[in-house]
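Just below is one structure, and these are the notes that go with it.
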Protein chains: 2
Amino acid sequence: MKEGPDIALIGSLIGDPARANMLTTLMTGKALTASELAAEAGITAQTASSHLSKLETAGLLTQRKQGRHRYFALADDEVGNLLEAMMGLAAKRGHMRARTGPRDPALRKARVCYNHLAGDYGVRMFDSMVTRDFLAEDGEEIFLTEAGEGFVGELGIALPDLEKSRRPLCRSCLDWSERRTHLAGALGTGLLDRFYDLGWAHRIEGSRVVSFTGEGERRFRECFPEA
Amino acid sequence: MKEGPDIALIGSLIGDPARANMLTTLMTGKALTASELAAEAGITAQTASSHLSKLETAGLLTQRKQGRHRYFALADDEVGNLLEAMMGLAAKRGHMRARTGPRDPALRKARVCYNHLAGDYGVRMFDSMVTRDFLAEDGEEIFLTEAGEGFVGELGIALPDLEKSRRPLCRSCLDWSERRTHLAGALGTGLLDRFYDLGWAHRIEGSRVVSFTGEGERRFRECFPEA
DNA sequence: TTCATACTTCGATCATAACCGAAGCATGAA
DNA sequence: TTCATGCTTCGGTTATGATCGAAGTATGAA
């Protein structure tokens with residue numbers, strides 16, 4: 001009777017809270033062991049094992065054996081993008097999870113969105129680059145202008161390397177905390193990586209929070225002034 | 001313990017087969033009554049009523065009362081886009097629904113993807129326009145070239161009207177049957193609408209199939225030659 | 001070998017929610 | 001008013017699957 005792809009399968013996989021927690025945790029981009037994911041989701045190892053095997057069978061996760069550990073990660077960017085899209089829709093409709101923990105303010109300030117910068121700082125960077133005509137918008141599409149090429153070059157980004165990848169250079173991503181656009185794509189990832197290299201910021205272990213140093217914060221504000 | 005948008009809620013809503021069927025049916029873009037959706041999903045009116053109220057409460061559907069009928073439609077483009085993204089991922093992973101009905105070949109040839117043309121014809125149109133430099137690709141981003149502006153103008157598309165809308169003019173959409181890209185966005189919708197106006201094609205009632213007339217097919221092939 | 005750790009499989013329990021029959025409530029027609 | 005239609009609410013049944021304890025398998029360390 002029904003034709004077409006089975007979205008109910010994908011939906012029900014993401015629809016279980018324990019699995020949704022695991023997937024959200026993996027949005028950090030880091031591969032994690034089965035036990036770590038179990039702890040994160042608040043379930044026992046047995047239950048987690050069952051969930052993880054379902055997610056892997058369905059092709060949402062990949063698994064890498066290393067000694068007696070099994071590391072799990074999102075299968076590819078497309079899975080990450082889908083999760084982002086669902087977060088965007090959920091946030092817009094006001095479907096937030098009940099308990100907002102103590103990490104929440106830091107998370108709203110600056111966090112990783114799979115592999116690029118999100119939160120207040122992510123939006124600020126994007127706005128600043130648009131205001132100074134380094135980025136141009138056309139609906140949902142975003143391009144790096146010539147001036148922008150010079151700008152990221154001075155920051156120490158090797159554009160040719162980024163353009164080699166099959167990923168689009170610039171992509172817009174809806175920020176769930178700010179409800180505004182920030183920069184994703186290869187350039188978004190490249191910029192965040194560059195901030196790490198410059199020592200401006202580092203990741204807080206076990207969370208999506210990106211913590212800026214005092215000096216890093218100063219340089220970041222200098223580099224991306226508000227309008 | 002957990003922060004952020006509740007993707008599990010959205011996932012579980014889409015994760016029920018009956019609801020997924022209803023949502024997929026509404027991808028045609030047409031508003032349907034509760035009874036029609038119940039029949040489509042193969043459930044009784046009572047059960048459908050419960051599902052529909054959940055989907056409406058969550059903000060995935062909108063409802064319009066008209067006499068004693070209640071018409072349901074997808075809440076907005078963002079919901080449609082999410083469903084498309086899930087179909088793309090499901091198709092790529094090989095998660096297809098069991099029974100492929102008799103309408104399947106027609107569906108693969110030409111169908112509506114929420115509001116634009118998909119299937120073999122959708123992909124062909126896209127490829128043809130890229131080959132002749134009417135459309136330019138940059139990763140996932142797509143732009144209409146100057147030559148392209150002339151081309152769609154000759155077809156009778158009023159570009160300024162399309163650009164007035166808040167939707168992006170060109171957007172890429174992954175075709176689940178062809179596993180290749182076709183054209184979405186305001187221009188994608190505009191082109192399909194123009195084909196209806198020109199009498200080249202019409203929708204088959206109660207399905208996503210787009211049926212071309214003999215003459216329409218000839219004109220379409222003329223307009224979008226293969227490489 | 002022996003033991004410890006990381007993970008999976010099995011089996012049983014239990015909560016959730018999908019489902020339908022029956023009854024109720026609107027809306028429109030006669 | 002009376003009746004028919006479209007849809008919702010209520011109540012009870014049933015199936016699904018999330019969960020964990022216990023036992024089993026693989027890997028590495030002593």
What GluC sites (Glu not before Pro) in region B:1-73 are in a loop by DSSP, with at most 16 other Cβ atoms within 10 Å of the Cβ? none
Using the 7 Å Cα-to-Cβ label point, sort the distances from residue A:45 to its equivalents in the other copies shortest first and give them in nm to one decimal. 5.5
Selected from A:116, A:182, A:95 as most flexible by GNM, with chain A as the system and alpha-carbon contacts under 10 Å: A:95
Treat every Asp and Glu Cβ in the protein assembly as shown as -1 and every Lys and Arg Cβ as +1, leave all other atoms uncharged, and give the resulting dipole magnitude about the Cα centre to the nearest 20 debye. 2060 debye
Return the average number of partner chain Cβ atoms within 10 angstrom of each residue Cβ along peptide B:24-37. 1
Dimensions in Å of region A:81-223 - Rg and Dmax from alpha carbons: 14.9, 45
Would you pull out the residues with amide H under 5 Å of residue B:61's amide H, same chain only if 5 or more places away, H placed 1.01 Å from N? B:56, B:75
If you plug each phi of region B:119-132 into the Karplus form 6.51 cos²θ - 1.76 cosθ + 1.60 with θ = phi - 60°, what whole-Hz ³J(HN,Hα) values come out, in order, with x for Gly and Pro? x, 3, 5, x, 5, 4, 4, 4, 4, 4, 6, 6, 4, 8
For region A:211-221, Karplus couplings with θ = phi - 60° (6.51, -1.76, 1.60), whole Hz, Gly/Pro x: 9, 8, 6, x, 4, x, 5, 4, 5, 4, 5
Could you pull the copy-to-copy label distances for residue A:66, with points set 7 Å along Cα to Cβ, in nm to one decimal and sorted shortest first? 5.8
What would the Debye formula give as log10 I(q)/I(0) at q = 0.20, 0.22, 0.26 Å⁻¹ for the alpha-carbon point model of region B:1-95, no solvent? -0.99, -1.16, -1.51
Return the distance in nm (one decimal) between the two label points of a simple spin-label model at residue B:136 and residue A:143, each offset 7 Å from Cα along Cα→Cβ. 0.5 nm
When averaged across all projection directions, what area in nm² does the alpha-carbon convex hull of region B:28-142 cover? 9.5 nm²
Quick query: amide H of residue B:135 versus all other amide H atoms, modeled in the peptide plane; which residues come in under 5 Å with a sequence gap of 5 or more or a different chain? B:130, B:145
Across the alpha-carbon set of the protein assembly as shown, Rg over Rh with Rh taken as the Kirkwood radius works out to 0.98
Would you mind checking the pairs A:30/A:164; A:92/B:65; A:30/A:92; B:92/B:164 and listing those with alpha carbons more than 29 angstrom apart? B:92/B:164
In whole Hz, with x marking every Gly and Pro, tabulate ³J(HN,Hα) for region B:84-97 from phi via Karplus 6.51 cos²θ - 1.76 cosθ + 1.60, θ = phi - 60°. 4, 4, 5, 4, x, 5, 4, 5, 4, 8, x, 8, 10, 6
Would you compute, from DSSP H runs of 4+ residues alone, the mean residue ellipticity of chain A at 222 nm, taking -39500 (n - 2.57) per run and dividing by the full residue count, rounded to the nearest 500? -14500 deg cm²/dmol
Residue B:159 versus residue B:54, label points 7 Å from Cα toward the beta carbon: distance in nm? 4.7 nm
Can you tell me which of B:54, B:65, B:30 moves the most in a GNM of chain B? Springs connect C-alpha atoms under 10 Å apart. B:65
Residues meeting the amide H criterion for residue B:113 (H placed from the backbone, H to H distance under 5 Å, 5 or more places apart or on another chain) are B:118
If we hang a label 7 Å off Cα along the beta carbon direction at residue B:154, how far is it from the matching labels on the other copies, in nm, shortest first? 4.5
How many partner chain Cβ atoms sit within 10 Å of a residue's Cβ in peptide A:47-60, on average, as a whole number? 1
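Each value in this text was obtained by applying a stated rule to the coordinates, not by laboratory testing. Small disclaimer: the values here were computed from a predicted structure and weren't measured. Don't worry about glycine lacking a Cβ; one is built from the backbone with ideal geometry, like all the others, and counts go over all protein chains shown.
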